[in-house]
Amino acid sequence: MALPAEYRDRPAVEVAILDALLDRGGDGMTVLELRAAVDADIDRIETALASLKSEGLIIANDEGGTVRIRPADHVVPEPGGDEESEPSLVDILRDKLGF
């Protein structure tokens, strides 16, 4: 599943984490699983996770003593949506001008 374009304007580690979480589906991932999936050291991953959590882009739940991290619902693209295509020039201008 592709990360929507509106969330790709972030540091590379954050985008890699979101991509990995979306690829996993609804199961979520542990920090160790994320470390294996994302090409970054644990300190950068932890910093990125803190930033994503503070911005409401991920959710962490304790499931039987294991913390699982999932993308927030609004980050997950709609099924059958056209999120993989590049934004149009109008979309880019609209975002830059704040409309």
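Where a number appears in this text, it was derived from the coordinates with a stated rule and is not lab data. Values in this document were obtained by computation on a predicted structure and should not be read as measured data. Virtual Cβ from ideal backbone geometry, glycine too; neighbours counted across all protein chains shown.
Overview of values
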{"quantity": "Selection count, the stretch 9-37, where residues are among the aliphatic types (A, V, I, L, M) and more than 20 Å from Asp73 (Cβ to Cβ)", "calculated": "7"}
{"quantity": "Search result, residues across the stretch 35-50 that are more than 15 Å from Asp23 (Cα to Cα) and either touching an Asp or Glu at 6+ places or on another chain (Cβ under 9 Å) or not basic (Lys, Arg) (or both)", "calculated": "Asp39, Ala40, Asp41, Ile42, Asp43, Ile45, Glu46, Thr47, Ala48, Leu49, Ala50"}
